[in-house]
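No value in this document is a laboratory result; all are computed from the given coordinates. Here the structure is a predicted model, which is why all the values come from computation and not from measurement. Reconstructed Cβ throughout: ideal geometry from the backbone, glycine too, with neighbour counts over all protein chains shown.
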Amino acid sequence: MSLLSSQQRQRYEEDGYLIIPNLLNDRDLAPVRRAIMRHVDQEAKRLSSEGEIKDLHERLPFTRRLKEVYRSLNKRTIGWNQEVFSEEIYDFGVHRAILDVSEVLVGPEIQFNGDYWVRTKLPGETVTTFPWHQDSGYYGDPTEFHILSLWIPLMDVDEHNGCMQVLPGSHRWGLRPVDSDDEGHHIPTEDIESRGEIVTLPMKAGDIFACHNLTFHRSLMNQSDDIRWSIDLRYIEIGRPLEWLFKAGLNGFIARSHEHPETVDSWVDWQAKRRAAGVKV
């Protein structure tokens, strides 16, 4: 039985996005949180060994530790990829419920793209407050074929701590021209808000925001005292070109195939693909 109804699939096709509530629980999210906490610990110990910080803040919770580690350094980060490359991320990428949703929206032959990102949205940080954009605007080469993004908050999100906003139906506008702002964000050269209605998307931890690569969306600033952690994954039909990712060493893997199940990559296979791309794993 499909996790998505025909009405939900139609809504995604019409609006360019879909909220899927309660797909994952805390046990599902725990491995991703562990991968994050492990890197936060490594980062704190590295900075301490280099004399950059004096306190490791080891007793602080997941939602606050990195903020305190970075507080005196004026250090910023948009997100982590290789930093959290791990079996936990692989297992999350092939989570059955996530792949079942992806199959409905992408098809039965599924490639996991290598450009997953753990988002380190620190309080008040402008670099992680992404303005209106289409994901395809960041890919370098034109990618107007369908790429599915799944954005998954690791805690509850709302307008106060930086939830998403979206312009429904904007995926039908095609890939729009952009400029870059001082933070390196891609911003549209036209007034896209006048073309659509802004929808704000408060979500619970474990809800999923499924988004077409041409749908305009943005994240609000985190005005809370805690870090707003999230992870986004991307899936594409097997056989679509991914050269722009390979050039960056962001090799993905075959996550599901009904036609050729023997080609599905294991965690060991994914590690080998990254090593072949010259990435240290």
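Test of understanding: ordering E243, E14, E83 by Cβ neighbours within 10 Å, fewest first, what list do you get?
E243, E14, E83
Explain nothing, just the number: relative contact order of segment 47-151, from Cα pairs under 8 Å at least 6 residues apart, as a whole percent.
Once divided by the residue count of segment 47-151, the mean separation gives 26 percent.
Can you sort T128, T189 so the residue with the fewest Cβ neighbours within 10 Å comes first?
Values: T128 22, T189 9.
Result, fewest neighbours first: T189, T128.
Assuming 1.306 mPa s and 10 °C, estimate D for segment 179-281 with Stokes-Einstein, Rh taken as the Kirkwood radius over Cα pairs, in µm²/s.
89 µm²/s
Under unit Cβ charges (Lys, Arg +1; Asp, Glu -1), what dipole magnitude, rounded to 20 debye, does the chain have relative to its Cα centre?
Working: 33 positive and 45 negative charges, 166 e Å.
Rounded to the nearest 20 debye, it is 800 debye.
Could you line up I110, I227, I238 from fewest to most neighbouring Cβ atoms inside 10 Å? Before the final figure, lay out the partial values.
Numbers: I110 23, I227 28, I238 18.
With the fewest neighbours first, I110, I227, I238 line up as I238, I110, I227.
For the chain, evaluate the Debye formula with one uniform point scatterer on each Cα (no solvent term) and list log10 I(q)/I(0) at q = 0.09, 0.15, 0.17 Å⁻¹, rounded to two decimals.
For the requested q values the scattering log ratios are -0.42, -1.24, -1.58.
Could you check the spin-label model distance between K280 and K204? Points 7 Å from the Cα along Cα→Cβ, value in nm.
In this crude spin-label approximation the distance works out to 4.2 nm.
Under 22 Å Cα-Cα from K121, which lysines qualify once same-chain neighbours fewer than 8 residues away are excluded?
Counting by Cα, and skipping residues close in sequence, K121 has these lysines nearby: K45, K67, K75, K204.
Can you give the net charge of the other residues whose Cβ lies under 11 Å from the Cβ of I192, counting K and R as +1 and D and E as -1? Each step should come with its number before you reach the end.
On the way: positive: R176, R195, R218; negative: E190, D191, E193.
Residues close to I192 contribute a combined charge of 0.
Show me the helices of the chain, taken as full DSSP H stretches, that run 18 Å or more along their long axis by Cα and average -1.0 or above in Kyte-Doolittle hydropathy.
Numbers: long enough: 26-49 (33 Å, -0.94).
Going by DSSP H runs, the hits are 26-49.
When only C-alpha pairs under 8 Å and at least 6 residues apart count, what is the relative contact order of the chain, in percent?
After rounding, I find 28 percent.
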